[in-house]
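**Student:** Sharing a structure, written as structure tokens. Questions coming.
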């Protein structure tokens with residue numbers, strides 16, 4: 001049997017930009033994507049810690065080192081600059097491998113500075 005487990009998580013990502021008239025997605029600094037193994041166009045679940053909104057979209061890479069977290073398209077209506085997000089992706093894992101599974105997680109601090117990389121959540 002396959003089960004869905006957390007694969008990648010970027011915690012406390014601060015929204016830096018909104019672009020309503022852009023195709024829907026969430027632009028994420030490439031450094032953060034690489035740190036947690038998140039791929040461009042991968043489906044993500046996003047929780048807005050500031051206003052309680054939760055939504056699904058897909059990730060696109062913003063320039064590495066830009067600290068960009070940009071709500072694009074319809075998602076631009078679900079937050080504001082300065083809001084804190086938790087960005088998650090999931091993987092289908094064989095139930096027999098589940099006990100050994102470790103997600104890749106980073107936590108960001110103010111201004112989207114990477115404060116840690118963890119192999120567990």
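Read the figures in this text as sums done on the coordinates, not as results from a lab. Since the structure is predicted, the reported quantities are computational estimates derived from the model, not experimental observations. Cβ sites come from the backbone with ideal geometry, for glycine too, and all protein chains shown count toward neighbours.
**Student:** Please work out which option in (1) 1.03; (2) 2.34; (3) 1.24 gives Cα Rg over 2.2 N^0.38 Å calculated from these coordinates, and answer with its label.
**Tutor:** (1)
**Student:** Hey, another quick one. Sorted by packing (mean other beta-carbon atoms within 10 Å per residue), highest first, where do 3-16, 32-45, 93-106 land?
**Tutor:** Result, highest mean first: 3-16, 32-45, 93-106.
**Student:** How high is the FRET efficiency between residue 49 and residue 5 when r is their beta carbon distance and R₀ equals 35 Å, given to the nearest 0.05?
**Tutor:** Working from the Cβ atoms, E equals 0.95.
**Student:** Full-extension gain between residue 74 and residue 58, please, as 0.36 nm times their residue separation minus the C-alpha to C-alpha distance.
**Tutor:** Values: separation 16, 0.36 × 16 = 5.76 nm, distance 1.22 nm.
Difference between extended and current length: 4.5 nm.
**Student:** Compute the separation of the alpha-carbon centres of the stretch 24-63 and the stretch 67-121 and state it in Å as a whole number.
**Tutor:** Each part's Cα centre sits 7 Å from the other's.
**Student:** With springs connecting C-alpha atoms under 10 Å apart, model the chain as a Gaussian network and identify which of 71, 49, 26 has the largest mean-square fluctuation.
**Tutor:** Judging by the Gaussian network model, the answer is 49.
**Student:** Right, next: Extending each Cα 7 Å along its Cβ direction at residue 113 and residue 93, get the distance between those two points in nm, one decimal.
**Tutor:** If labels sit at residue 113 and residue 93, their model points lie 3.2 nm apart.
**Student:** Mean separation of Cα pairs under 8 Å and 6+ residues apart, divided by the residue count of the chain: what relative contact order is that in percent?
**Tutor:** 41 percent
**Student:** For the chain, what is the calculated [θ] at 222 nm in deg cm²/dmol (nearest 500), taking -39500 (n - 2.57) for each run of four or more DSSP H residues and dividing by its residue count?
**Tutor:** After summing the helix terms and dividing by the residues of the chain, the value is -1500 deg cm²/dmol.
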